[in-house]
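Here is the structure we will look at.
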Amino acid sequence: MPIIKDIQLLVPADMDQNRLFFNQTRSISFLYSRLLPKLHAKDDRGIQINCVENLEKGKQLDPYDHIIFNYFPVFVEVDVQGFLELSDRKKKVKTLEIVHEGMKLAACEFNWDTSLLDEIYEKVKQLDYQNIYPLIKKSSPNKKYVGSILCHHEVSTIDVYMEIKKRNGKVVGKDKIFSVENTDEQNLFSEYWILVWKLNNKLEFADDRFNTVYSLTFLEKDEPDQLVWKIKKLNS
C-alpha cells in the first residue's frame, strides 16, 4: 500500500494564477510533507489540495480534469487573489492553515489519526515556518568535517548555502552561494547533486554536467576570527 509523501496545492479554475500560487505556497506545503509520518493510502502517493473560490463551485469541477496521477483530490475554500496580496510571512501562515485543512479532509477518507496531523501543524509553528533542509552532505576524507549543501526554502526563492561542520556539530563556516526563483524543489534536486571533497579542506559542489562549480577552500586557525574561507564560482 502506497505511503503519502507529497502535498501539492492547485487552483483548478485558473491555471495562470495557479502557477504563481503553487510557487508561493510550496515552502510550507513541502515542509508539511517532509514532516509526515507513514500515512498509507489506497492507491495514492500524494494529496492534491484544490483551492476554490467556494465549495459549491468546487463541486461543479471535475478534479480529474487536473489531477496529478496517483494524487488524491480534496477541496478547500481559499481567496487566492487575497492570498497573493499578503506579505511573505502571512503567506506562510495562511498556507499552513490551507494545507492542514486539506489534510484533515484526506484523513477522513483514509481513516488517519488526525492527532498526528495536529502534531505536524504545531511543529511547523515551532519551526517559525522555516523550511531548512540538506540537499546533500558528505564527510571529509579525514572524517574531521562534514560538508553540507543547505536549502533555505522561502516563499519566492530557494536560497542555497555551503556549510562546514566539525564532527561534534560545531559550525566552522556557512555562506550563501546562490538563489533560485523556481520554488519547486524538484527542479533544484534534479540539476544540482554533485558534492566532492578534493582535499580535507577543499569541497566542490556542482550541477549534473559540471557547467557550474562552487569551490570552497577553508583552513582553521588557532583563533576563530582567523579562519581562511574562500568560495569561487567556476563556469565551464
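The values are calculated or read from the model by the stated rules, or taken from the named source; none is laboratory data. Since the structure is predicted, the reported quantities are computational estimates derived from the model, not experimental observations. All Cβ positions, glycine included, derive from the backbone under ideal geometry; neighbour counts span all protein chains shown. Surface areas here come from the heavy atoms of the whole protein model, side chains and all, with no ligands, DNA or RNA. Shrake-Rupley method; radii C 1.70, N 1.55, O 1.52, S 1.80 Å.
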### Residue match in segment 131-154 (condition: within 22 Å of Ala206 (Cβ to Cβ), of a type in the set (Phe, Trp, Tyr) and free of Cβ contacts under 8 Å to residues at least 24 places away in the same chain)
no
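Residues checked against (1) of a type in the set (A, V, I, L, M); (2) touching a Pro at 6+ places or on another chain (Cβ under 8 Å):
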position	(1), (2)
Glu185	no, no
Leu188	yes, no
Val196	yes, no
Leu199	yes, yes
Phe210	no, no
Tyr214	no, no
Lys232	no, no
Asn235	no, no
### Residue tally, condition surrounded by 13 or more Cβ atoms within 10 Å (Cβ to Cβ) and farther than 19 Å from Thr217 by Cβ, over segment 157-176
3
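Suppose we filter Glu223, Glu191 for residues that are under 14 Å from Ile136 (Cα atoms), open to solvent by 70 Å² or more (accessible area, probe 1.4 Å), out of contact with any helix residue (DSSP H, G or I) (no Cβ under 7 Å at 6 or more places or on another chain) and at pLDDT below 95; which single one remains? Don't jump to the end; show me each part of the working.
Values: Glu223 fails: under 14 Å from Ile136 (Cα atoms).
Of the residues listed, the single one that is under 14 Å from Ile136 (Cα atoms), open to solvent by 70 Å² or more (accessible area, probe 1.4 Å), out of contact with any helix residue (DSSP H, G or I) (no Cβ under 7 Å at 6 or more places or on another chain) and at pLDDT below 95 is Glu191.
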### Message
Can you find a residue that is of a type in the set (S, T, N, Q), closer than 28 Å to Tyr32 by Cα, part of a loop (DSSP other than H, G, I, E, B) and open to solvent by 70 Å² or more (accessible area, probe 1.4 Å) anywhere in segment 135-147?
### Response
no
### Whichever residue in segment 75-97 is crowded, with 20+ Cβ neighbours inside 10 Å and either of a type in the set (Lys, Arg) or modelled with pLDDT under 95 (or both) and, among such residues, is nearest to the chain's Cα centre (by Cα)
Lys92
### Query
Consider Asp207 against the criteria (1) modelled with pLDDT of 95 or more; (2) open to solvent by less than 70 Å² (accessible area, probe 1.4 Å); (3) in contact with a helix residue (DSSP H, G or I) (Cβ under 8 Å, 6 or more places away or on another chain): it satisfies all of them except one. Which criterion is unmet?
(1)
### Of residues in segment 98-134 being part of a loop (DSSP other than H, G, I, E, B) and either in contact with a strand residue (DSSP E or B) (Cβ under 9 Å, 6 or more places away or on another chain) or acidic (Asp, Glu) (or both), the one surrounded by the fewest Cβ atoms within 10 Å (Cβ to Cβ)
Asp128
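Out of the residues in segment 212-236 meeting the condition of being of a type in the set (D, E, K, R) and not in a helix (DSSP H, G or I), tell me which one is farthest from Asp175 (Cα to Cα).
Quick first cut of segment 212-236, residues of a type in the set (D, E, K, R) only: 220-223, 225, 230, 232-233.
Checking which are not in a helix (DSSP H, G or I) leaves us with 220-223, 230, 232-233.
On the way: Glu220: 16, Lys221: 18, Asp222: 21, Glu223: 19, Lys230: 10, Lys232: 12, Lys233: 13 Å.
So the residue we want is Asp222.
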